[in-house]
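The values are calculated or read from the model by the stated rules, or taken from the named source; none is laboratory data. Note that the structure is predicted; figures quoted are calculated from it, not measured. Cβ: placed from backbone, ideal geometry, glycine included. Neighbour counts: every protein chain shown.
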Amino acid sequence: MTNSEIAAVFEHVADLLEFQGANPFRVRAYRNAARTLHDLTESAAEIVGDPERSLTEVEGIGKDLADKVATLVQTGTLPMLEELRAEIPESVMAVLRVPGLGPKRAAQLFHELKVATLDQLRAACESHQVQELKGFGAKSEAAILEGLDIASEAGRRILWIEADQHVQEIVAHMEGCKAVKKIAAAGSYRRGRETIGDLDFLVVTEKVAAVMDHLAQFAGVASVIARGDTKMSLRLAAGVQVDLRAVPAESFGAALQYFTGSKEHNIVLRGRAKSQGLKINEYGVFRGEKSIAGRTEEDVYAALHLPCFPPELREARREFEWADAGQLPELVGVGDLRGDLHMHSTWTDGQASIEEMAAAAQQRGLKYIAITDHSKRVTMVGGLDAKRLRQQWAEIDRLNPRLHGITVLKGIEVDILERGGLDLPDDVLADADWVVASVHYGQQQSREQITRRAIEALENPHVDAMAHPTGRLLLERKPYAIDLEAVMRAAATTASCWNSTPIRHGSIWTTWPARPPRVLASRSSFRPIPIDCRV
DNA sequence: GCCGTTTTCGGCCCGACTGTTTTCAGTCG
């Protein structure tokens, strides 16, 4: 059983326990363990099988959870989970996803009205049974009905690049409001997560009402969810929730820290503050009643004797451990890129010759590029067969001696065929410097079928990377965790495919986004930032 | 359920907002 599978079981247990109204700290223990196991670089099953070792050496896993992991590894099931499942129907979990319904109220609906599905919930609201319950009222009932309509949209995560478009538009709109002294986007967007759940904005203003009025007038707004003295939540027509928080200038740094998160990072931070006799909230760091920091993030972290973590590291994984050791990793930025490993030329659907590509890449500071035109299966752009590919490589061999300071690698974006297998024979691929495999056809197949094709392709020793159907790369199965150069290569590949929308830079056709993410990887993690699969 | 200890229990982050209350619980981030 893999770490991810064990983590999924613990997450499920946590959901069910929460619904049962279990001790919230017990629920958190399961969620923490799930996250820890998911991120663990070693196999939990192997640790269980090693008589010299114990899973309790992993932070957040005590005797009880270690035993449960052992049970899962040995039997494939967990009696506790089965018992919980027997008590609570699976469909109840969907009720928890309705905005405004948490475990307590969902459990109340289940026990008092036998609401176990979204359809039953709707019926109970429409027959006005819900407003009769203690703690509920007419407004709650109406809110649930509204929540049911957006239950499928709410909770959906969007890609960073989509979030970025909303952020740019909203910031531009808000900058048109005179009352806004300062505005910043926080949350998982600022942390550079691959996917974003909602958008968080902070503003410094002396006229909160005017700022909220202005935001409500943003063209993309569908509805206002809540509006108080300092906080406003609304939903865009695109389905994304936007939270706005107004803070005084002297609290801006504390608020930025707080709303950048992650939640888990903040929990650790608050615990540390507490152990130092301090209190930290979105208004500042306090010793007793006295504020000792808050205007900038640097001040806030410094007050806790911590470095100002780059937002990308604030996930409560290992950043505190690194900071304590004085070894906070340097992050790999776009300026660190030394190569681009996914490029097309006029040999297929590119818009510039190989020589032009090399010159432009060099101008941008790159040391190497790989030309990876399509293979023959992509007939509509004149994909290359073995003969033409070798002709292209001969051209590259003639070009390289004339270049100074940049190397052109001989590559190919080889197609993964509908029936499985690759579009070019192994002996051809063996002569390439860099092979990217891609699925272009047969995308109507089931996810399992496509995954099987992809995995089979990755098992081909000549394949170096894989482009996802959406243009993104799957890198996990490759041994990139070896050296910095490999990370650079992986990061370069990731960046060049960050956005599937081709953008022209001068005469050069590349897949670079207009605004590449600021950070691509952590130098010390020796891995590209994880691909987030929750979309 | 984990963890650390002035070490086997007691604490585990903190505040805003809403709706239903009449002082607060639930939800959310």
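Annotation note: of A:PRO89, A:PRO99, the sole residue that is surrounded by 15 or more Cβ atoms within 10 Å (Cβ to Cβ), of a type outside the set (A, V, I, L, M, F, W, C) and part of a loop (DSSP other than H, G, I, E, B) is A:PRO99. From the list A:LEU16, A:LEU96, A:LEU40, A:LEU84, the one residue that fits, being modelled with pLDDT under 85 and farther than 30 Å from A:GLU321 by Cα, is A:LEU96. When residues in the range A:266-293 are screened for being within 23 Å of A:ALA246 (Cβ to Cβ), more than 7 Å from DNA strand B (Cβ to nearest atom) and under 26 Å from the mean Cα position of the chain (by Cα), 1 of them pass. Of the numbered criteria (1) within 14 Å of DNA strand B (Cβ to nearest atom); (2) within 25 Å of A:ARG193 (Cβ to Cβ); (3) in a helix (DSSP H, G or I); (4) not aromatic (Phe, Trp, Tyr), the one A:MET80 fails is (2).
Restricting to the range A:359-389, and then to whatever is within 32 Å of the chain's Cα centre (by Cα) and part of a helix (DSSP H, G or I), can you tell me which residue is farthest from A:HIS440 (Cα to Cα)? Quick ask: steps written out before the conclusion?
So in the range A:359-389, the residues within 32 Å of the chain's Cα centre (by Cα) come out as A:360-375, A:378.
If we keep only those that are part of a helix (DSSP H, G or I) as well, we get A:360-363.
Details: A:ALA360: 28, A:ALA361: 26, A:GLN362: 30, A:GLN363: 31 Å.
Result: A:GLN363.
Per-residue answers, yes or no, for (1) at pLDDT 85 or above; (2) within 19 Å of the chain's Cα centre (by Cα); (3) within 12 Å of DNA strand B (Cβ to nearest atom); (4) assigned to a loop (DSSP other than H, G, I, E, B):
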residue: A:ALA172; (1), (2), (3), (4): yes, no, no, no
residue: A:GLY176; (1), (2), (3), (4): yes, no, no, yes
residue: A:ALA184; (1), (2), (3), (4): yes, no, no, no
residue: A:SER188; (1), (2), (3), (4): yes, yes, yes, no
residue: A:ALA209; (1), (2), (3), (4): yes, no, yes, no
residue: A:MET212; (1), (2), (3), (4): yes, no, yes, no
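For the range A:48-71, a residue qualifies if it is farther than 11 Å from A:ASN3 by Cα, part of a helix (DSSP H, G or I) and not hydroxyl-bearing (Ser, Thr, Tyr), and the qualifying residues are A:VAL48, A:GLY49, A:LEU55, A:GLU57, A:LYS63, A:ASP64, A:LEU65, A:ALA66, A:ASP67, A:LYS68, A:ALA70. Each residue in the range A:82-102 was checked for being within 31 Å of the chain's Cα centre (by Cα), in contact (Cβ under 8 Å) with a residue 60 or more places away in the chain and more than 19 Å from A:ALA142 (Cα to Cα), and 5 pass. Within the range A:115-139, being within 14 Å of DNA strand B (Cβ to nearest atom) and surrounded by fewer than 17 Cβ atoms within 10 Å (Cβ to Cβ) holds for A:HIS128, A:GLN129, A:GLN131, A:GLU132, A:LEU133, A:LYS134, A:GLY135, A:GLY137, A:ALA138, A:LYS139.
Of all the residues in the range A:246-265, those that are within 9 Å of DNA strand B (Cβ to nearest atom), modelled with pLDDT of 90 or more and closer than 19 Å to A:ASP299 by Cβ number 2. Residues that are of a type in the set (Val, Ile, Thr), in a strand (DSSP E or B), over 23 Å from the mean Cα position of the chain (by Cα) and within 15 Å of DNA strand B (Cβ to nearest atom) do not occur anywhere in the range A:230-244.
Here is a yes/no grid of residues against (1) free of Cβ contacts under 8 Å to residues at least 24 places away in the same chain; (2) more than 23 Å from A:PRO103 (Cβ to Cβ); (3) away from DNA strand B (no atom under 14 Å from the Cβ):
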{"position": "A:PHE10", "(1), (2), (3)": "no, no, no"}
{"position": "A:ALA22", "(1), (2), (3)": "yes, no, no"}
{"position": "A:ALA33", "(1), (2), (3)": "no, no, no"}
{"position": "A:HIS38", "(1), (2), (3)": "no, no, yes"}
{"position": "A:ASP50", "(1), (2), (3)": "yes, yes, yes"}
{"position": "A:GLU57", "(1), (2), (3)": "yes, yes, no"}
{"position": "A:LYS63", "(1), (2), (3)": "yes, yes, no"}
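Taking the numbered list (1) closer than 30 Å to A:ASN32 by Cβ; (2) in a helix (DSSP H, G or I); (3) among the charged types (D, E, K, R); (4) more than 10 Å from DNA strand B (Cβ to nearest atom) in turn, A:GLU112 passes all entries but (1).
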